[in-house]
Amino acid sequence: MIAMAQHRIVMAEETLVQRIEVDSWGNRKLSLTRRAGAVERSLQRGESVQWREAESFEKAAAEADLHGGKSAGSRLPPPLDPGLTMRQQRPLLEALASLDLDQWTMVIRSFRQHRLVRGRSGAEHNVVHCHEGLHLRGRILPGDREIEVGEGRLPGESFNRDGLLQRLRGVVENRRRARPFNGSLSLPVVLAAGDGGIIWHELMGHSLEGDHVLSGDSPLSPDDIGRRVMSQEVTLSARCETDPFLSRKLRDDEGETCRHHRLIEDGVLRRFICDGSTGKRLGVPERGHARQESFDRPVLPRMFALYLRPGKASFEDVLGSVRRGIYAAEFGLGRVLFRKGRFAFYIPSAFLIENGRLGPPLGPVMVQGDLKTAFRAVSMVGDDFRLDRGISFCHKRGQVLHVRVGQPTVRVDGLTVSPGVAE
Amino acid sequence: MRKFLDAGRQAGFREADLRRLRLESVEWQGGAGEAVTFRRGTSHTVALRGFRDHGFPVGGCVSMPTLKEVRRVYRELQRVGVTGTGTGFSDLLPDAARKVPLSIHDPRISEAESLGEEMDSRISELMIRQSGIELAGWRLRAEERKVNVANTRGLEAKYRKTLFSLTLRLRDGDREVEVEEQRTHWLQLQPDRLLGRAVFLLGPRSGRNPPRWRSVGLVLSPFASASVLRDFAAALRVSGEYSPGDIRCAPQVQIIDSPLVDGMPGSVPMDDEGVMARETPLVEGGRFKARVTDLAGAAREGCPITGNGFRGIADPFPRAGFTNLCIRPSVISLERMLKETGRGILITRLRLRGASGTDRTYGAEGYLFKGTELGEPVRFALRTAFLSYFLKIDRVSRESVPTVSGGISVISPYLRVEALRRGDEWVV
């Protein structure tokens, strides 16, 4: 019986997504999605997976022979009240309308998910993920690329509306007053604290994922464990005790916890990001990072979070060390071409740094470079660690998941900066 | 279905519509030296909308709903209050369906569980003949969709569709290519054809810059043409930045959205709003004529309804999407096109490198040609824009190849365009 349990993972799930969208044409869109289902994975001789939709969480749990789901409803906070939420955001809509944008949209998305997982050990665990996000999007002129700022929160908390508007105004100003430059330049780039951590998520985090290491796509291999792969200033961790979105005893979709969180320590590779099966195939004990978007999608080794630990330099020291460079204030989508060892990142709002001071706005820029060079090009790490604003999402093989990142102000040398955008 | 719709009316909505989707799928995934992963799943969702006299409809999606659950969702949706002051578009909901003769269901789906093994051995056998090329992974998926669409204006319609998808990922050193083929019938899925396509796209290991001619005739393969069409497809959807009539195109170019091609992956008898499928000419006679649209887009922009409102599995609202995007072939053969061009470059593959506004920059790979003789491999940067690309297509071949590009089913012949050299890149 115990031997059987080691090769079977069972999960029941219920997800509730509410989405409220208001746009400059006066439309209000409300949608509500509730899905429930169960999935059973048999891991003997390859992997055999069977999933099915169910009427409710209780039925999904019963069909999967899970017993800990009787109090399922009480585990999730109550859904948003759409009417109340709209009334609360009225000042924000009025402020948006006054920004003189060609068009704008405000989106509030509430996500509540409860999972009951029986993992390899046979024990059942309840896993709850909740997230609420507020996004403001707009175009300054018709045909422009959309600008976007957003913020995430836990249910019951409130959004920092003033902060959001101030950021949106900042991006609009940056775009309107931009003094774009021509051609591509190799310049030091200073990444803003907090959201800038998404760059390390893309560059190093995905390189550490077990499936990419196994397929040979990652620039890292198991032989690199114990070797220096990044600048000595860098320590990357998969957990942060102060992050309100992730509990300390966070379990993955196989019911496992991640025991050791330091992935890169003082630039030295310590461990990879693995789920049970990739860890086994890589011959490493790591697990606790199995994630799937929903019960009908495959499990992949993925990050919950990646934080770059603070260093010793102050923000002024980091900025002051740059004679001529770029300050990246907001962060957009990035693309990593593993097999070519290259990456490109969209920075929607950047400033020039001149003689250690913030200079004129540059509008949107692209930052590109070579992966291995970028790993070793971190020359300064600030002491002003900040968590991201709670709206970092990771796309991998068609599955989109909320992730957490955080970092202090960081200086990276030798990246190629060019104006404009890439898709 | 009728009870679900009545629940919408009882909740106070003027009209209601829904789409029920029952999906059964089996999927195999394998790779070099890896055990095959098998996945089987059953999904049953109902996506519904409630329309008021004014404003945008509200929408919901639920798993295997009971009448009680549907009532609860409609009550919840009713709580948001007014959803805008604009005129609603419930009047656009269709009130009747008709039978459409279309072959998109393969009874062999009932044997789906045995297909993976068959495909695994066919791929293994085919790979023996490919020296130096490694199979990095493959995926086979077979699914059957049973779709019901209904609304309170009287429409009740349903259809069944099967879809078989095969994806191959091949590697040659540090070069990798992923190709996908989708068909509604099992026997139309040809792994040898797909493998041949992957090898063609992988192309040679190296390529030099083409000679520094001032201008050159480029012949785009159907796969290269599909890449460009996919990138410019947003402009052919409702809310795109150009309006019909605004844009001039070469008279040779005719682009249609065609849901009525037997066996093609995008073919459907109706969209998810119950609008019956029809061919929509998007570019015709040198003019940009129409854009594909869902009902909401048609109401907002005041453009004709095309029957292109499609939902994802759990999406409450439909969005404008393509069925099969086709460039209509001409009567000229590829051979004649190459002969007429004299010397030029046959582009086998285009990969998007960057975008700015409507400008797109691609990394192009292909072969020099002289007459019908292919020469040495070349690689270069190609820049084009929506407005100039469709204007500069001066020849269209008769050989049409269906392909899937970025999730869009595209059927394209070979196209010829004239490019000018600007510094290190070629511009169309």
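The values are calculated or read from the model by the stated rules, or taken from the named source; none is laboratory data. It should be emphasised that the depicted structure is a prediction, and the values quoted were computed from it without experimental measurement. No Cβ is skipped: glycine too gets one built from the backbone with ideal geometry, and neighbour counts run over all protein chains shown.
Looking across A:GLU254, A:GLU265, A:GLU233, one residue alone is under 30 Å from B:GLU27 (Cα atoms) and at pLDDT 90 or above. It is A:GLU254. Mind counting the residues in the range A:247-292 that are touching a Lys or Arg at 6+ places or on another chain (Cβ under 9 Å), among the charged types (D, E, K, R) and closer than 30 Å to B:ARG141 by Cα? Residues in the range A:247-292 being touching a Lys or Arg at 6+ places or on another chain (Cβ under 9 Å), among the charged types (D, E, K, R) and closer than 30 Å to B:ARG141 by Cα: 8 in total. Being in contact with a Cys (Cβ under 6 Å, 6 or more places away or on another chain) and away from chain B (no Cβ under 14 Å) is not true of A:VAL378. Among the listed residues B:GLY307, B:GLY302, which satisfies the condition of being within 24 Å of the chain's Cα centre (by Cα) and free of Cβ contacts under 8 Å to residues at least 60 places away in the same chain? It is B:GLY307.
Each row is one residue, and each column tells you yes or no for (1) at pLDDT below 85; (2) of a type outside the set (Val, Ile, Thr).
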| residue | (1), (2) |
| --- | --- |
| A:THR15 | no, no |
| A:ARG28 | yes, yes |
| A:THR33 | no, no |
| A:GLY37 | no, yes |
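All conditions but one from (1) part of a strand (DSSP E or B); (2) over 26 Å from A:GLY420 (Cβ atoms); (3) assigned by TED's automatic domain parsing to the domain that holds A:ARG335 apply to A:HIS131; the one that does not is (3). Quick check on the range A:381-395. Is at least one of its residues outside any loop (DSSP other than H, G, I, E, B), closer than 26 Å to A:ARG175 by Cβ, among the β-branched types (Val, Ile, Thr) and modelled with pLDDT under 95? Scanning the range A:381-395 turns up no residue that is outside any loop (DSSP other than H, G, I, E, B), closer than 26 Å to A:ARG175 by Cβ, among the β-branched types (Val, Ile, Thr) and modelled with pLDDT under 95.
For first residues located in the range A:220-243 and in contact (Cβ under 8 Å) with a residue 60 or more places away in the chain, partners that are part of a loop (DSSP other than H, G, I, E, B) and among the small types (Gly, Ala, Ser) and lie 6+ apart or on another chain with Cβ distances below 6 Å form the pairs A:MET230/A:GLY267; A:SER231/A:GLY267; A:GLU233/A:GLY311; A:VAL234/A:GLY267.
Is it the case that some residue within the range B:387-399 is within 14 Å of another protein chain (Cβ to nearest Cβ) and either in contact with a Pro (Cβ under 9 Å, 6 or more places away or on another chain) or under 28 Å from A:MET366 (Cβ atoms) (or both)? Within the range B:387-399, one or more residues are within 14 Å of another protein chain (Cβ to nearest Cβ) and either in contact with a Pro (Cβ under 9 Å, 6 or more places away or on another chain) or under 28 Å from A:MET366 (Cβ atoms) (or both). Residues in the range B:46-58 that are part of a strand (DSSP E or B) and at the interface with another protein chain (Cβ under 7 Å from one of its Cβ atoms): B:VAL58 only.
For the range B:310-337, filtered to residues that are surrounded by 21 or more Cβ atoms within 10 Å (Cβ to Cβ) and closer than 19 Å to B:ALA250 by Cα, the residue that is farthest from the chain's Cα centre (by Cα) is B:MET337.
Taking the conditions (1) more than 9 Å from every other protein chain (Cβ to nearest Cβ); (2) assigned to a loop (DSSP other than H, G, I, E, B); (3) in contact with a Gly (Cβ under 8 Å, 6 or more places away or on another chain) in turn, A:GLU13 satisfies each one other than (2). When A:ALA54, A:ALA95, A:ALA62 are checked against the criterion of being surrounded by 22 or more Cβ atoms within 10 Å (Cβ to Cβ) and assigned by TED's automatic domain parsing to the domain that holds A:GLY150, a single residue qualifies: A:ALA54. When A:LEU337 is tested against (1) touching a residue at least 12 places away in the same chain (Cβ under 8 Å); (2) surrounded by fewer than 16 Cβ atoms within 10 Å (Cβ to Cβ), only condition (1) is not met. Consider the range B:252-273 and keep the residues that are outside any strand (DSSP E or B) and in contact with an Asp or Glu (Cβ under 7 Å, 6 or more places away or on another chain). The one that is nearest to B:PRO101 (Cα to Cα) is B:LEU260.
Residue-wise test of (1) modelled with pLDDT of 90 or more; (2) among the aromatic types (Phe, Trp, Tyr); (3) surrounded by fewer than 20 Cβ atoms within 10 Å (Cβ to Cβ); (4) not assigned by TED's automatic domain parsing to the domain that holds A:LEU362.
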position: A:PRO155; (1), (2), (3), (4): yes, no, yes, yes
position: A:LEU168; (1), (2), (3), (4): yes, no, no, yes
position: A:LEU191; (1), (2), (3), (4): yes, no, no, no
position: A:ARG228; (1), (2), (3), (4): yes, no, yes, no
